[in-house]
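Some notes on the structure that comes next.
The values are calculated or read from the model by the stated rules, or taken from the named source; none is laboratory data. Computed from a predicted structure; not experimentally measured. Please note: Cβ atoms are built from the backbone with ideal geometry, for glycine as well, and neighbour counts cover all protein chains shown.
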Amino acid sequence: MKTKIIKAGISLLVLSLAGCKLVPENDVIVERQEVLHERNYCLYQAPDASVEKNCDIKYWLNYWLDGDEMTWAQRKAEIALLSDSPQDQLRKILLCQGKDTPYQDKLRSQSWALNLIKEFDGGMQDMLSVMIYRPSQVLLESESAVVTLSKINGGQSTRIEEQQELVDQQRLQIEQQRNQIEQLLKIEASIMDNAKGDPK
């Protein structure tokens, strides 16, 4: 299956390279410019005076980068000051993207992101989904799997320790029984010696 895909990809590449000279270069440039200008990175397409920093993508990227330089305690304090407006929800999401964000807060951030993805328009919707929601979802799933495996390993480790304690107790009992048997054999040997040495 992979080889068929690779062959198809190579064939497509060869055909596209062979056809490069057939297509005028100006058309390609125009198409690329149209694709680049299609997306509008506004929170909402309709101009709304109440939406702060609606189309300022640089602001949002800088906010994200600034938040990444903060500790979780600083970001958490900042999150507590924010409202539930869409702009503040986006700020909360961006502040929750740091490496040291606890699992529960990352999970809450995913819920906020999903709500905003449904609410935002066009390019910002795509950006939020591709750059934040999907990668965070993968990390959360991985982290959840690690936690689950850790719990399983911890449970198995506890069971192994309990079984080792039982084995140690059984060894101790066996050793005690062996000592008792040896003492009984000594007593029996002593009685036998006394019986042989005592002529009647």
Quiz item: From Lys186, Lys196, which residue is of a type in the set (Lys, Arg) and either touching a Phe, Trp or Tyr at 6+ places or on another chain (Cβ under 8 Å) or surrounded by 10 or more Cβ atoms within 10 Å (Cβ to Cβ) (or both)?
Solution: Lys186
Quiz item: Picking from Ser129, Ser109, Ser157, which residue would you name as being assigned to a helix (DSSP H, G or I) and touching a Cys at 6+ places or on another chain (Cβ under 9 Å)?
Solution: Ser109
Quiz item: Considering only segment 73-96, how many residues are part of a loop (DSSP other than H, G, I, E, B) and touching a Ser or Thr at 6+ places or on another chain (Cβ under 7 Å)?
Solution: 1
Quiz item: Among Lys151, Lys99, which is surrounded by fewer than 16 Cβ atoms within 10 Å (Cβ to Cβ), part of a loop (DSSP other than H, G, I, E, B) and modelled with pLDDT under 85?
Solution: Lys99
Quiz item: Under 8 Å by Cβ, and 6 or more places apart or on different chains, what pairs join a residue from segment 174-200 that is of a type in the set (Ser, Thr, Tyr) with one that is at pLDDT 90 or above?
Solution: none
Quiz item: Pairs, please: C-beta under 9 Å, at least 6 apart or cross-chain, first residue within 12 Å of Leu94 (Cβ to Cβ) and touching a residue at least 40 places away in the same chain (Cβ under 8 Å) and in segment 116-138, second among the hydroxyl-bearing types (Ser, Thr, Tyr) and not in a helix (DSSP H, G or I)?
Solution: Met127/Tyr41
Exercise. Name the one entry in Asp198, Asp105 that is acidic (Asp, Glu), farther than 25 Å from Asp56 by Cα and at pLDDT 85 or above.
Key: Asp105
Self-check item: Selected residue [at pLDDT below 70 and assigned to a helix (DSSP H, G or I)] from Val28, Val51
Solution: Val28
